[in-house]
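So the structure is just underneath, and the comments pick up after that.
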Amino acid sequence: MTNAVGAASLATAIERRLARWAQEGVAERLWARDGSLWSSAGKSPEEVAAWLGWLRLPETMLGRAGELERLARDVRNDGYTRAAVLGMGGSSLAPELFSRAFGDALGGPPPALAGLELRILDSTHPDAVRGFREWAESGRTIFCVSSKSGSTTEPNAFHATMSAHAPALDFIAITDPGSALAELARSQGFRAIVEGQPDVGGRYSALSVFGLVPAALHGVDLEALLQRAAVMAGACRRPAPENPGLRLGAAIGEAALIGRNKLTILTSPGLASLGDWIEQLVAESTGKAGVGIVPVVGEPIGEPSA
């Protein structure tokens, strides 16, 4: 009985929150990049708005899909059979998701299959680095050095390790314009430098070049992926009660306010890596000032009352 009452109370709180957001025009203000929505963060609206470029990634990246797919095609035509991402956090979790969700069925030597086998190095443990280097050296591998700032210690260390055994043309830099990594890539003669959008934060970069360059190398259909994302983006422009993004946010947030701040993510086995990506997105985005929502990934399924 207690659980039923609690669920009803939560449902009521969610609907009230959505009604309030509809009155305040939250969806419309979000898409207008109104940084005052986060006034409690203690930052100016202009500073917050400067990081909202992820909102329009489905449409902006459709304009770059051809560029990224040409790069992937040129790499395949040059005989590469494997793609390696050297990155951490937001630069590695989306490629890991693409690699596992789409599977190695996409990867293989051209022209029999469209994509390259894709793996990600995001651990500094010596055994992990050693094993990754052995895998990379056992085939022809293109390395994506992925760092938004271009100064992240781990990707730079990975590059130093791998470049001792591979020429500069085996490397692609994925970074923001004018970064230290971009300058390094120019001076050493990397195969390509793919620049990202400065107004997109690392953990929101799945549909930016940080996620899509590895996806393209793996053989993912970027146009289809982005078109599907655009459909959901369109749905998330609706007023609050009919907006799936705001409804999900209201449910998670209102549950946290009454003490249910553990978000258990259950997926089918083929989408297990989606949970890992959501985990960082939620934990890093909400874990501020001593409060937040704790994502739980890989937990056995229990009774709903648990």
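The values are calculated or read from the model by the stated rules, or taken from the named source; none is laboratory data. Computed from a predicted model, the values in this text were never measured in an experiment. Neighbour counts are summed over all protein chains in view; Cβ atoms, including those assigned to glycine, are modelled from backbone coordinates with ideal geometry. Side chains are part of the model used for accessible areas, which takes the heavy atoms of the whole protein and leaves out ligands, DNA and RNA. Shrake-Rupley method; radii C 1.70, N 1.55, O 1.52, S 1.80 Å.
Some points to look at:
- Here residue 291 meets the list (1) more than 30 Å from residue 143 (Cβ to Cβ); (2) of a type in the set (Val, Ile, Thr); (3) within 20 Å of the chain's Cα centre (by Cα) almost entirely, failing just condition (3).
- Extreme residue, farthest from residue 142 (Cα to Cα), among residues of segment 235-246 that are open to solvent by 40 Å² or more (accessible area, probe 1.4 Å) and part of a helix (DSSP H, G or I): 241
- Within the option set 195, 223, being among the acidic types (Asp, Glu) and more than 30 Å from residue 26 (Cα to Cα) holds for one residue only, 195.
- Total residues in segment 250-306, condition assigned to a loop (DSSP other than H, G, I, E, B), out of contact with any helix residue (DSSP H, G or I) (no Cβ under 9 Å at 6 or more places or on another chain) and surrounded by 11 or more Cβ atoms within 10 Å (Cβ to Cβ): 2
- Of all residues in segment 179-197, those satisfying the criterion of being surrounded by 19 or more Cβ atoms within 10 Å (Cβ to Cβ), part of a helix (DSSP H, G or I) and not small (Gly, Ala, Ser) are 181, 184.
- Residue list for segment 130-159, filter: open to solvent by less than 60 Å² (accessible area, probe 1.4 Å), part of a loop (DSSP other than H, G, I, E, B) and out of contact with any strand residue (DSSP E or B) (no Cβ under 7 Å at 6 or more places or on another chain): 152
- Breaking point among (1) farther than 28 Å from residue 175 by Cα; (2) in a helix (DSSP H, G or I); (3) out of contact with any Cys (no Cβ under 9 Å at 6 or more places or on another chain), for residue 223: (1)
Residue-by-condition table, conditions (1) modelled with pLDDT of 90 or more; (2) more than 17 Å from the chain's Cα centre (by Cα); (3) under 23 Å from residue 49 (Cα atoms); (4) of a type in the set (Phe, Trp, Tyr):
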position: 196; (1), (2), (3), (4): yes, no, yes, no
position: 229; (1), (2), (3), (4): yes, no, yes, no
position: 237; (1), (2), (3), (4): yes, yes, yes, no
position: 242; (1), (2), (3), (4): yes, yes, no, no
position: 251; (1), (2), (3), (4): yes, yes, no, no
position: 254; (1), (2), (3), (4): yes, yes, no, no
position: 258; (1), (2), (3), (4): yes, yes, no, no
position: 275; (1), (2), (3), (4): yes, no, no, no
position: 301; (1), (2), (3), (4): no, yes, no, no
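- Selected residue (criterion: least open to solvent (accessible area, probe 1.4 Å)) from residues of segment 22-46 that are under 17 Å from residue 246 (Cβ atoms) and not in a helix (DSSP H, G or I): 25
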